[in-house]
Amino acid sequence: MLAIVYVAMMQNNNQWKCSEMIQILRPVIVLLMFLIVLFFIRTILSITTEYPGWLSTTFSLACAALAGWYTWKLVSGERVGVSVSVISGALMLGGLCFTVGFLGPMAFVRDTSQGPLIGIFIAAPLGVIMGAIGGYVYASRQKAGVGD
């Protein structure tokens with residue numbers, strides 16, 4: 001989601017006055033998306049499955065690396081395919097919504113035991129669905145802009 005906002009800001013601003021800032025923000029956004037998706041996938045796998053720890057960690061790292069790579073491509077302004085946009089949008093926004101929904105209730109109301117369930121059962125599924133739809137819309141608009 002941060003990457004989509006970043007790209008939208010850069011597309012609206014045709015004059016690249018702050019190229020140094022862009023060079024600094026790109027790795028920061030990629031690192032944030034990597035860590036968010038890593039936390040999201042690792043936590044969901046540890047809660048819902050009984051896979052060995054090394055397998056869950058390996059799969060989480062692979063998903064986080066995929067999200068980081070496509071975030072870099074997205075922020076760089078490269079054209080990406082529809083399937084890549086849908087998967088990366090779902091991972092990014094799903095991970096962000098999960099993290100906010102999982103950690104947010106624990107930060108605001110410390111004595112609740114069911115606060116993280118908001119992130120697991122409500123925020124993450126809605127974030128994945130909205131991210132996939134947003135990725136599809138982004139790829140469709142990008143594809144429509146090819147003929148201009």
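The values are calculated or read from the model by the stated rules, or taken from the named source; none is laboratory data. Quick caveat: nothing in here was measured; it's all calculated off a predicted structure. Note: ideal-geometry Cβ built from the backbone for every residue, glycine included; neighbour counts use all protein chains shown.
In segment 30-65, which residues are surrounded by fewer than 20 Cβ atoms within 10 Å (Cβ to Cβ), touching a residue at least 24 places away in the same chain (Cβ under 8 Å) and farther than 22 Å from PRO116 by Cβ?
Residues satisfying the conditions are LEU31, ALA65.
Restricting the search to segment 90-148, which residues are under 22 Å from CYS63 (Cα atoms), at pLDDT below 90 and surrounded by fewer than 16 Cβ atoms within 10 Å (Cβ to Cβ)?
LEU103
Return the residue satisfying two criteria in turn: it lies in segment 62-79 and is at pLDDT below 85 and not hydroxyl-bearing (Ser, Thr, Tyr), and of such residues it is nearest to GLY145 (Cα to Cα).
At the first step, the residues of segment 62-79 found to be at pLDDT below 85 are 74-79.
From the residues that got through so far, the ones that are not hydroxyl-bearing (Ser, Thr, Tyr) too are 74-75, 77-79.
Details: LEU74: 15, VAL75: 17, GLY77: 13, GLU78: 13, ARG79: 11 Å.
Among those that are at pLDDT below 85 and not hydroxyl-bearing (Ser, Thr, Tyr), it is ARG79.
Where the second residue is buried (at least 24 other Cβ atoms within 10 Å of the Cβ) and not in a helix (DSSP H, G or I) and the first is touching a residue at least 40 places away in the same chain (Cβ under 8 Å) and lies in segment 78-103, which pairs have Cβ atoms under 7 Å and are six or more apart or on separate chains?
The qualifying pairs do not exist here.
Would you check which residues across segment 48-72 are under 30 Å from VAL137 (Cα atoms) and touching a helix residue (DSSP H, G or I) at 6+ places or on another chain (Cβ under 8 Å) and list them? Show your work before the answer.
Initial filter on segment 48-72 (under 30 Å from VAL137 (Cα atoms)): 59-72.
Once the filter is applied, which keeps residues that are under 30 Å from VAL137 (Cα atoms) and touching a helix residue (DSSP H, G or I) at 6+ places or on another chain (Cβ under 8 Å), segment 48-72 yields PHE59, SER60, LEU61, CYS63, ALA64, ALA65, LEU66, ALA67, GLY68, TYR70, THR71, TRP72.
What number of residues within segment 21-44 satisfy the criterion of being over 15 Å from THR58 (Cα atoms) and either of a type in the set (Val, Ile, Thr) or within 15 Å of the chain's Cα centre (by Cα) (or both)? Before you say what the answer is, go through the steps one by one.
Step one: of segment 21-44, the residues over 15 Å from THR58 (Cα atoms) are 21-33, 36.
Subset that is either of a type in the set (Val, Ile, Thr) or within 15 Å of the chain's Cα centre (by Cα) (or both): 22, 24, 26-33, 36.
Residues in segment 21-44 being over 15 Å from THR58 (Cα atoms) and either of a type in the set (Val, Ile, Thr) or within 15 Å of the chain's Cα centre (by Cα) (or both): 11 in total.
For VAL75, all conditions in the list (1) buried (at least 20 other Cβ atoms within 10 Å of the Cβ); (2) within 11 Å of the chain's Cα centre (by Cα) hold save one; what is the number of the exception?
Checking VAL75 against (1) buried (at least 20 other Cβ atoms within 10 Å of the Cβ); (2) within 11 Å of the chain's Cα centre (by Cα), the one that fails is (2).
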